[in-house]
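Have a look at the structure that comes next, please.
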Amino acid sequence: MTEKFFVLVVDDNVNNIFALKVLLQKLNSLEILEATSGEDALVQCIQHNVHLILLDVQMPKMDGYETARHLQMMDRTRNIPIVFLTAHLRSEAFIQQGYALGAVDYLTKPIDDNLLLNRVRHYQHLHDRETNLWEKTRELQSTTDELQNTLNRLKQTQMQLVQSEKLAALGRIVAVVAHELNTPIGNCLTVASTLDEKNLAFENMVKSGEPLKRAQMLNYLEQTHEAMSIISRGLGRAGELVESFKKISVDRDSDAKRHFDLKMLIDSTMTLLILNEKETRWQITIDVLPATMLNSYPDTLEQIIAILFDNAVTHGFEGRDHGHIRIRARTHMHQLILSFSDDGCGMSEQVQQHIFDPFFTTRMGKGNSGLGMSICYNLIEGILGGRISVTSDPGQGSTITLEIPLDAPELVAV
């Protein structure tokens, strides 16, 4: 016990005060205050941080009961433990009156020394425990504040890292956009410039008055037609790229939520996708129970399936003339688990880490914009209210797993 425990002894008889002081000095870490009247006791309690009051009941002017009543009226003194001491008022009625005024003990004189010392020691220990608890609470609060500050710093650091990743991704996006658009647009500009020169040459030939030969006219028309064809293809490719870039932000108005049969939707979608292939060289297995009903966005799900199919054919089966795709669906609680697997070349760990990044592709410069899986991610997270994951090993194929609610969330207009 390092902190002093202040005990206020209140008695109009100085001899009684002296005797109590001598007795209480046997206890350690005790500071004794004196008061010879109720008024003096109130002043002492205001001037000092009193922890226990030994209060005589019978005193002139303001007795112990009235003193206790005044102590109860002040916030500063209301919770100070009071032990009443009396030589004459021993009846049960007086004892009950003392407890009613907030006393924690009522001792009658002559008081057994050991009993009084034990009482004071008991309240001293209670005070020490309360003080220690308060210190522990303050330390805990301090630790909590430090942890909160650390958490806030971690969140800030995380936000900074995310922002850095976004800026890095933005840099990659700009580079890819520039690369992908530069080729068709550059070709169009070159051809347009060449065509303009040929038009000028043809115009000068016409203005010169020289007779035009049939072969010259046909050659000019052939070159013009070829140039316009190149420009048309180039601008078409640029338009496709722009349309792909637009799809990376989820279009919340393009699809209507409704009930539909999942198996029927997958069957019809895959039939159309296979018809668009030059050869029906892909083996398709659809493991979906009939009457698996969803209340969701069928057009969005069709787009996702088409992207996954194209991704498997383009990347998984690259360099092969055959492959097996399996689509499997099952329900759990209120969720649909839809897996899209292929037995293709698989993916490395590094590719898996970036597969959902915008404009990430392993076929840079080969006609791929790297937006397919990123669009899938946005559609699943943004419209269907689910999540997407990938598992793969090099040479062992890949499995894309979708977890989406059977009842998709309502879209909020933004």
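Placing unit charges on C-beta atoms (Lys and Arg positive, Asp and Glu negative, everything else neutral), compute the dipole magnitude of the chain about its Cα centre in debye, rounded to 20.
Here the chain has a charge dipole of around 500 debye.
Oh, and also: List, largest first, the extents of the alpha carbons of the stretch 259-359 along their principal axes, each in whole Å.
So the extents along the principal axes, rounded to whole Å, are 39, 32, 22.
Please list the non-local residues whose amide H lies under 5 Å from the amide H of ILE286, H modeled 1.01 Å from N, same-chain partners needing a gap of 5 or more.
Answer set, sorted by chain and number: ILE327.
Take MET264, MET347, MET270, MET217 and sort them by solvent-accessible surface of the protein heavy atoms, 1.4 Å probe, largest at the top. Provide the component values of the computation, followed by the final result.
Numbers: MET264 130, MET347 30, MET270 5, MET217 70 Å².
Order by accessible area, largest first: MET264, MET217, MET347, MET270.
Let me ask something else about it. Which residue, chosen from GLY386, VAL313, LEU406, occupies the Cα position most advanced towards the positive end of the dipole of the chain, where the dipole is computed from +1 (Lys, Arg) and -1 (Asp, Glu) charges on Cβ about the Cα centre?
In the chain, that residue is VAL313.
Expressed in nm to one decimal, what extension gain is obtained for the pair ALA87 and ARG387 from 0.36 nm per residue of sequence separation less their Cα-Cα distance?
99.8 nm
To the nearest µm²/s, what D does Stokes-Einstein give for the stretch 195-243 at 20 °C and 1.002 mPa s, using the Kirkwood radius over alpha carbon pairs as Rh?
In µm²/s, the coefficient is 172.
Same structure again: Just the projected area, averaged over all directions, of the convex hull on the alpha carbon atoms of the stretch 302-402: how many nm²? Don't jump to the answer; show the numbers that get you there.
Details: hull surface 26.0 nm².
Seen from a random direction, the Cα hull of the stretch 302-402 projects 6.5 nm² on average.
Using +1 at the Cβ of each Lys and Arg and -1 at the Cβ of each Asp and Glu in the chain, identify which of ILE327, GLY346, PRO290 lies farthest towards the dipole's positive end.
Projecting each Cα onto the dipole axis, the largest value belongs to GLY346.
While we're looking at this one, here's another question. Calculate for the chain the 222 nm mean residue ellipticity that helices alone would give, adding -39,500 (n - 2.57) per DSSP H run of length 4 or more and normalising by residue count, nearest 500 deg cm²/dmol.
Working: 10 runs with 211 residues, N = 414.
Calculated mean residue ellipticity at 222 nm is -17500 deg cm²/dmol.
Taking H placed 1.01 Å from N in the peptide plane, check which residues at least 5 places from LEU336 or on another chain put their amide H under 5 Å from its amide H.
Distant-sequence amide H within range of LEU336: ILE404, LEU406.
If you don't mind, there's one more thing I want to ask. Students sometimes get this wrong: rank ILE286, ILE325 by accessible area, probe 1.4 Å, all chains present, largest first.
The most accessible residue leads, giving ILE286, ILE325.
A further question on this structure: Could you sort LYS207, LYS109 by accessible area so the largest value comes first, with the probe set to 1.4 Å?
LYS207, LYS109
On the protein heavy atoms, probe 1.4 angstrom, tell me the percent of accessible surface of the chain carried by carbon and sulfur.
The value for the chain is 54 percent carbon and sulfur by accessible area.
Name the residues whose placed amide hydrogens come within less than 5 Å of the amide hydrogen of GLU34, ignoring near sequence neighbours (fewer than 5 apart) on the same chain.
Residues meeting the amide H criterion: VAL9.
Along the charge dipole of the stretch 52-141, pointing to its positive end and built from +1/-1 on Cβ of Lys, Arg, Asp and Glu, which listed residue (GLY64, ALA100, THR77) has its Cα farthest out?
THR77
If you don't mind, there's one more thing I want to ask. With N residues in the chain, what two-decimal value do you get for its Cα radius of gyration over 2.2 N^0.38 Å?
2.07
Moving on to the next point. Using 0.36 nm times the number of residues separating THR150 and MET264, minus their current alpha carbon distance, what extension gain do you get? Let's see the in-between values first.
On the way: separation 114, 0.36 × 114 = 41.04 nm, distance 5.28 nm.
So the chain would gain 35.8 nm between THR150 and MET264.
Separate question: Determine the per residue accessible area of the stretch 1-146 with all protein chains present and a 1.4 angstrom probe, expressed in square angstrom.
Values: 8370 Å² over 146 residues.
About 57 Å² of surface per residue is accessible.
The values are calculated or read from the model by the stated rules, or taken from the named source; none is laboratory data. This is a predicted model, so every value here is computed, not measured. FYI the Cβ positions are ideal-geometry reconstructions off the backbone, even for glycines, and counts take in every protein chain you see. The area values use the complete protein model at the heavy-atom level, side chains included, leaving out ligands, DNA and RNA. Shrake-Rupley method; radii C 1.70, N 1.55, O 1.52, S 1.80 Å.
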